[in-house]
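Okay, structure first, notes after.
The values are calculated or read from the model by the stated rules, or taken from the named source; none is laboratory data. Note that the coordinates shown come from a computational prediction; the quantities given were computed from them, not determined experimentally. Please note: Cβ atoms are built from the backbone with ideal geometry, for glycine as well, and neighbour counts cover all protein chains shown. Accessible surface is based on the protein model in full, side chains and every heavy atom, while ligands, DNA and RNA are left aside. Shrake-Rupley method; radii C 1.70, N 1.55, O 1.52, S 1.80 Å.
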Amino acid sequence: MHIENSQLKAFILDAGLINEKRLDEAEKKADETKKRLGDFLVKEELITKEKLTKLQAYILGIPFINLEKEKIKKEILQIIPEPIARRHNIIAFRKKEKNLEVAMLDPDDLQTIEFIKKKSDLKILPRLTTPKSIENALKQYQKSLEAEFGEFIKKESKSIDLPETLTDLKKDKSKKIDPAGRGEDEKDLEKAAEQMPIIRIIDTLLKHAILQQASDIHIEPTEKEVIIRYRIDGILHDTMTLPKNLSSGLIARIKVLSNLKLDEHRLPQDGRFKIETNNYKISFRVSILPVYDGEKIVMRLLPEDAQGLTLEKLGLIEKALEKVHRNIKKPNGMILVTGPTGCGKTTTLYTIIDILNEPGVNISTVEDPIEYRMPRVNQTQVKPKIGLTFSNGLRALVRQDPDIIMVGEIRDNETASLSINAALTGHLVLSTLHTNSAAGAFPRLIDMETEPFLIASTINVIIAQRLVRRLYPDIKKKYKLSSDEIKSLGKEVNLDKILEILKREKVVKPEDTWSTIDFYRPGKSEDYPDGYKGRAGIYEILELSETIKNLVIKEATADQINEQAQKEGMLTMTEDGFIKAAQGLTSIEEILRVTKE
């Protein structure tokens, strides 16, 4: 059932999807690169994967099915075991009497169809689908496991007998030391960490967090229990409560995975480990802190395959996007990203580096920690204990003939001074700074004893940002502001100015008023109880004009610089947020929650 290029071309032209000239050029390039015509057209974005698959289904005479938003019954889904479904990209989605409809990417896979036919004793009706449909269905296998997590952990925890807390382990100096130099406490902990129920519980917690797309896992001991919380889209949610007797085993297991000291309970420890499967590669950054009831663990989940992000996907729009692209193409100077912890500063820097990462440039970074591994980028991890600080790392890095330098964070006077000097001597320097606004970066650098004229002559652009939760599109609810809501909103923001911006950016009609604009609230569903999924950035992009440079040299306040930048067309984060709220990306409540200082 192979489709020849000539056959595919004829059907594409007949459907009017691509004009003949462009199609001929694409076919020639596909031949040169030895790729299938269809795959090449999708890669070059000349046709969508869904349209191509529909066309292929039509040519082959096989019905097309889209399962991207389909919820499949658990008993039907599990007719095909998950490992087979995942390996062969085949999903059972509908059953009628003795007929089983299966969605697949490769209808030529007759061996798998025959296997399922024998196993299920049903007639198999193949349907062609898209990779996104398969991905959605595979997630449902995993979601069906979530209901079993609670029961599984209760069952496993009954088979474990561990000390209530790590500090309950006796610190008897008379205990023997084994030939490897370990005391009995450490051996007890190692034994606890290796118990199969403990391993299964930790594996389950990690897998659950990955499925939920959590950014952090919190394991918090209290007097009588252990609370597990996940941070999802910036908000902490209670996930489950475990018996207190599991605490020592859980902590020991995480320490073993992270290669940390098992018998150290009085000092904080930091570590790292990685989980790799065919579907994901996740690094876990581990922080362990002694608290009153034992040790608290926070694990940050860092997807290592997070590349492929673009500034547009992060949430930068039109003029802001133009400003950033214009400034990252400059051969030298500084680009600063500002905001509080957890607002996506590092992701923005990595995205910019991904754009700049070409064979003709040498990119070097000094970071704490290295959050994402990037090919062809020389990344250095800060290690203050052995004297490798940001400033020492940067000093050595400048001697490595870099074109582009990324400094994870400017924390002190020395790092600020070295970063400025690197920008002055022909390098493009990217870094982050903890300030609440773009204009706040200037007084912060001056506080670090950096000369104002050096700041003015080196900084190209400052990006300030926050993250807002995205409304889940299928369940969001449209509404219009009531007079009371408009009055209440007027106390929070400058309504006249924001309405003028919405009209100027052509987000609303010229005749619109606050009472006629459509906004959206989160809906509720079983999968998304709070109505949100994923996050997007809201930004203010401060580009240094001559006027602003003069204000910096005169050591003007952040408010004065901010006022001038707005006169020159800079949108504040609140204004950028209202544009996104009017576009239906997020809610007004979410914008106000994030931008309140």
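Among the numbered criteria (1) buried (at least 18 other Cβ atoms within 10 Å of the Cβ); (2) in a helix (DSSP H, G or I), which single criterion is violated by residue 191?
(1)
Which of (1) assigned to a helix (DSSP H, G or I); (2) within 28 Å of the chain's Cα centre (by Cα) is the odd one out, the single condition residue 198 does not satisfy?
Checking residue 198 against (1) assigned to a helix (DSSP H, G or I); (2) within 28 Å of the chain's Cα centre (by Cα), the one that fails is (2).
Among strands (runs of 3 or more DSSP E) lying entirely in the range 458-543, which contain 3 or more residues that are in contact with a strand residue (DSSP E or B) (Cβ under 7 Å, 6 or more places away or on another chain) and farther than 30 Å from residue 329 by Cβ?
Values: elements: 459-471, 477-480, 518-521, 532-543.
Strands (runs of 3 or more DSSP E) meeting the threshold: 477-480, 518-521.
Only one of 248, 258 is farther than 29 Å from residue 139 by Cα and either open to solvent by less than 40 Å² (accessible area, probe 1.4 Å) or within 24 Å of the chain's Cα centre (by Cα) (or both); which?
Selected residue: 248, the only one of 248, 258 that is farther than 29 Å from residue 139 by Cα and either open to solvent by less than 40 Å² (accessible area, probe 1.4 Å) or within 24 Å of the chain's Cα centre (by Cα) (or both).
Exactly one condition in (1) in contact with a helix residue (DSSP H, G or I) (Cβ under 8 Å, 6 or more places away or on another chain); (2) free of Cβ contacts under 8 Å to residues at least 12 places away in the same chain; (3) of a type in the set (Phe, Trp, Tyr) is false for residue 292; which is it?
(1)
Any idea how many residues of the range 24-41 are more than 19 Å from residue 107 (Cα to Cα) and either assigned to a loop (DSSP other than H, G, I, E, B) or touching a helix residue (DSSP H, G or I) at 6+ places or on another chain (Cβ under 7 Å) (or both)?
Residues in the range 24-41 being more than 19 Å from residue 107 (Cα to Cα) and either assigned to a loop (DSSP other than H, G, I, E, B) or touching a helix residue (DSSP H, G or I) at 6+ places or on another chain (Cβ under 7 Å) (or both): 9 in total.
So which helices (runs of 4 or more DSSP H) are wholly in the range 42-150 and hold at least 2 residues that are more than 27 Å from residue 473 (Cα to Cα) and out of contact with any Lys or Arg (no Cβ under 7 Å at 6 or more places or on another chain)?
49-60, 82-88, 110-120
When you scan the range 548-556, do you find a residue that is outside any helix (DSSP H, G or I), open to solvent by 70 Å² or more (accessible area, probe 1.4 Å) and of a type in the set (Val, Ile, Thr), even just one?
no
Within the range 4-41, track down each residue that is within 17 Å of residue 130 (Cα to Cα) and out of contact with any Lys or Arg (no Cβ under 8 Å at 6 or more places or on another chain).
36, 38, 39, 41
Which members of the range 109-151 meet the condition of being open to solvent by 70 Å² or more (accessible area, probe 1.4 Å) and either under 21 Å from residue 50 (Cα atoms) or at pLDDT 80 or above (or both)?
Of everything in the range 109-151, those that are open to solvent by 70 Å² or more (accessible area, probe 1.4 Å) and either under 21 Å from residue 50 (Cα atoms) or at pLDDT 80 or above (or both) turn out to be 110, 111, 114, 115, 117, 118, 119, 121, 123, 132, 135, 139.
Residues are listed down the side, and each one gets a yes or a no for (1) touching a Gly at 6+ places or on another chain (Cβ under 9 Å); (2) without any contact (Cβ under 8 Å) to a residue 24 or more places away in the chain; (3) not hydroxyl-bearing (Ser, Thr, Tyr):
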{"residue": "386", "(1), (2), (3)": "no, yes, yes"}
{"residue": "396", "(1), (2), (3)": "no, yes, yes"}
{"residue": "403", "(1), (2), (3)": "yes, no, yes"}
{"residue": "406", "(1), (2), (3)": "no, no, yes"}
{"residue": "426", "(1), (2), (3)": "no, no, yes"}
{"residue": "433", "(1), (2), (3)": "yes, no, yes"}
{"residue": "442", "(1), (2), (3)": "no, no, yes"}
{"residue": "447", "(1), (2), (3)": "no, yes, yes"}
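On the basis of being charged (D, E, K, R), more than 26 Å from the chain's Cα centre (by Cα), open to solvent by 70 Å² or more (accessible area, probe 1.4 Å) and within 30 Å of residue 435 (Cα to Cα), does residue 491 make the cut?
In short, yes.
Go through the range 11-23 and report how many residues are open to solvent by 40 Å² or more (accessible area, probe 1.4 Å) and either assigned to a loop (DSSP other than H, G, I, E, B) or closer than 28 Å to residue 127 by Cα (or both). Walk me through it before giving the result.
Of the range 11-23, the ones open to solvent by 40 Å² or more (accessible area, probe 1.4 Å) are 11, 13-17, 19-22.
Right, trim to either assigned to a loop (DSSP other than H, G, I, E, B) or closer than 28 Å to residue 127 by Cα (or both) and you get 11, 13-17, 19.
Of the residues in the range 11-23, 7 are open to solvent by 40 Å² or more (accessible area, probe 1.4 Å) and either assigned to a loop (DSSP other than H, G, I, E, B) or closer than 28 Å to residue 127 by Cα (or both).
Go through the range 202-224 and count every residue that is modelled with pLDDT of 90 or more, surrounded by 16 or more Cβ atoms within 10 Å (Cβ to Cβ) and of a type outside the set (A, V, I, L, M).
Of the residues in the range 202-224, 5 are modelled with pLDDT of 90 or more, surrounded by 16 or more Cβ atoms within 10 Å (Cβ to Cβ) and of a type outside the set (A, V, I, L, M).
With respect to residue 295, is the statement that it is open to solvent by less than 20 Å² (accessible area, probe 1.4 Å) and among the charged types (D, E, K, R) true?
Working: open to solvent by less than 20 Å² (accessible area, probe 1.4 Å): yes; among the charged types (D, E, K, R): yes.
Yes.
Pull up the range 571-597, narrow it to residues that are open to solvent by 10 Å² or more (accessible area, probe 1.4 Å) and not in a helix (DSSP H, G or I), then point me to the one that is farthest from residue 233 (Cα to Cα).
The extreme case among them is 571.
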